[in-house]
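The values are calculated or read from the model by the stated rules, or taken from the named source; none is laboratory data. Given the structure is predicted, the values throughout are model-derived calculations rather than measurements. So basically every Cβ, Gly included, is an ideal-geometry build from the backbone, and we count neighbours across all protein chains shown. Quick note on the areas: whole protein, heavy atoms, side chains included, nothing else; ligands and nucleic acids left out. Shrake-Rupley method; radii C 1.70, N 1.55, O 1.52, S 1.80 Å.
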Amino acid sequence: CGGLISNSSGMLQSPYYPGNYPNNADCVWEIQVENNFRVMLTFRDIEMQRSRCQYDYIEVYDGPPHSSPLLGRICAGSFLTYTSSSNLMSVRFHSDSRYAFRGFRARYSSIPADHNIALTCLPDYMHAVVSRDYLQSQGYSAERVTLNDTGCEPTLTSREVIFNIPYDSCGTTREESNDTINYSNMIKVTSSEHIIKRKKNLQLHISCKMLQNTWMQVLYVADDTADVDENQFGRYAVNITFYDSSSFVRPVRESPYYIDLNQNLYLQAYLHSSDPNLMMFVDTCVASPDPHDFNTLAYDIIKDGCVRDSSYATYYSPYSHFARFKFNAFEFINRHTSVYLRCELEVCRLGDYSSRCYQGCLNRFKREASPAQEKVDVVVGPLKLREEDAQRRNTG
């Protein structure tokens, strides 16, 4: 029921379809396709409690839920089609406690967006590409394309003008609002006329907005020029690496990582971002023998910021983009050939004491993601027991 979908095409359906869906369901799917593609969603079959879609309904959002325009709220019909303006669309399915029906089945696919201007928000910089053919068709020269900060020059190819714009330099501005961190810059294209000018300069305003769990990319043209609107979405990049000691100098390169029972395991999580005003917090780490299932057979090391394993400890990190911690290998690994670790990390604004990163252990009720923070899931492994240790325990 819900979750992130990242395939280029596929099917979407209510729980238990074509059987009756459960009561009191509330599922949210986020469909994210490749950059510079759009999502097209077509409902093939809908059978729900109607009543003007007050009790059981489907909502389709043009982007992430809660912060994007509502494309439609439906509970009946066939072959209804919705198309996103970016590479992300959200679908919410809701049912109340009374009647249940067959539900819905839909197919989604990705369709190409306009490739004249493209924007991608990468972990360390904005990647903006402007087509030379597009500039020429509008009467502009590629040699007259600059940023506000003219010291950061583009790369010119035979077909494109390419900017790689860091989040912390090249004139990029940072602005915080109630629910976003907004990084903005402007690409300017000046007219090639010298003495007199009848053509307006072209301004491409680009921005990457950090929402609850996405980077939203916005591109638009101002000053009464051609109407161009390009939205893309991306996600934070975080990796976790094992180290051989608490000094965190030598990373463990071998995979799988062979260990002894009760051995100290040192881990470092690293956030890839050029913004120095972000920090990370280890919220949850769960071990499982199956890298795709951390529910059926799992062992909580830390959950909702609360330590569940007595060997778990954190270490001081010199940078806010790092989170360091350790725990000891446990008996669980003796009964399975491999063990994987899934960690959920929170990314927040540095110094935002209302965010999850500063709340610590949440024993009972876990709060919703507060403004300008994001959950990131990372799976690492496998861990394997050294053969001599396994044989010694088996003979014992």
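For the reader, a short list of remarks on this structure follows.
- Rounded to the nearest 10 square angstrom, residue 188 shows an accessible area of 60 square angstrom against a 1.4 Å probe.
- Averaging the Cα positions of each part gives two centres, and for the stretch 112-155 and the stretch 80-111 these lie 34 Å apart.
- Solvent-accessible area assigned to carbon and sulfur over the stretch 64-177 amounts to 46 percent, based on a 1.4 Å probe.
- Highest to lowest packing among 106-112, 266-272, scored as the average C-beta count within 10 Å: 266-272, 106-112
- Accessible area per residue for the stretch 2-112, computed on protein heavy atoms with a 1.4 Å probe, is 46 Å².
- Principal axis extents of the C-alpha atoms in the stretch 43-142 (largest first, rounded to whole Å): 63, 30, 19.
- Take residue 244: with every protein chain present and a 1.4 Å probe, its accessible area is about 70 Å².
- Solvent-accessible surface ranking, highest first, for 346, 176 at 1.4 angstrom: 176, 346
- Couplings for the stretch 139-156, taken from phi via the Karplus curve 6.51 cos²θ - 1.76 cosθ + 1.60 with θ = phi - 60°, read x, 10, 9, 5, 6, 10, 9, 9, 8, 4, 8, 5, x, 9, 8, x, 9, 9 Hz in order; Gly and Pro are left as x.
- Accessible heavy-atom area order of 361, 285, highest first, probe of 1.4 Å: 361, 285
- Cleavage-rule hits (trypsin sites (Lys or Arg not before Pro)) in the stretch 110-183: DSSP loop, at most 12 neighbouring Cβ within 10 angstrom: 159
- Residues 66, 321, sorted by accessible area with the largest first, give 66, 321 [1.4 Å probe; ligands and nucleic acids excluded].
- Accessible surface of residue 150 - all protein chains present, 1.4 Å probe, nearest 10 Å²: 100
- Taking every protein chain into account, the accessible area of the stretch 237-385 amounts to 48 square angstrom per residue (probe 1.4 Å).
- Ligands, DNA and RNA left out, the accessible area of the stretch 253-349 computed with a 1.4 Å probe is 46% carbon and sulfur.
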